[in-house]
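Below: the structure, in structure tokens.
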Amino acid sequence: MLKHEDMTTIAACVLETIPQDIWVTVSDVYKLTGLAEPRCQLLLTQFSLAGLMESRDDDTFFKRYP
């Protein structure tokens, strides 16, 4: 299991990977980062709940706030 500090670094990297101007899916993020799809889904959902990005179509597409 990863330590909390490791998760913070990974989350920051994933957040920086997500573009501000186009909508992406979990599969897109998975391909860009190499992380497991469930982990990408969890991170994207957490970012959305934290107000760092917006989602549409029942959390199918995500876009980082500018």
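Here are the numbers for this structure:
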quantity	calculated
Some residue of region 31-41 being more than 19 Å from Ile10 (Cα to Cα) and among the polar types (S, T, N, Q)	no
Residues being more than 16 Å from Cys13 (Cα to Cα) and touching a strand residue (DSSP E or B) at 6+ places or on another chain (Cβ under 7 Å) - total across region 42-66	3
Filtered residue count, region 14-34, keeping only those that are out of contact with any helix residue (DSSP H, G or I) (no Cβ under 7 Å at 6 or more places or on another chain) and not small (Gly, Ala, Ser)	10
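Where a number appears in this text, it was derived from the coordinates with a stated rule and is not lab data. Just so it is clear, the model here is predicted, and its values are computed rather than measured. Here the Cβ is made from the backbone with ideal geometry for all residues, glycine too, and neighbour counts use every protein chain on show.
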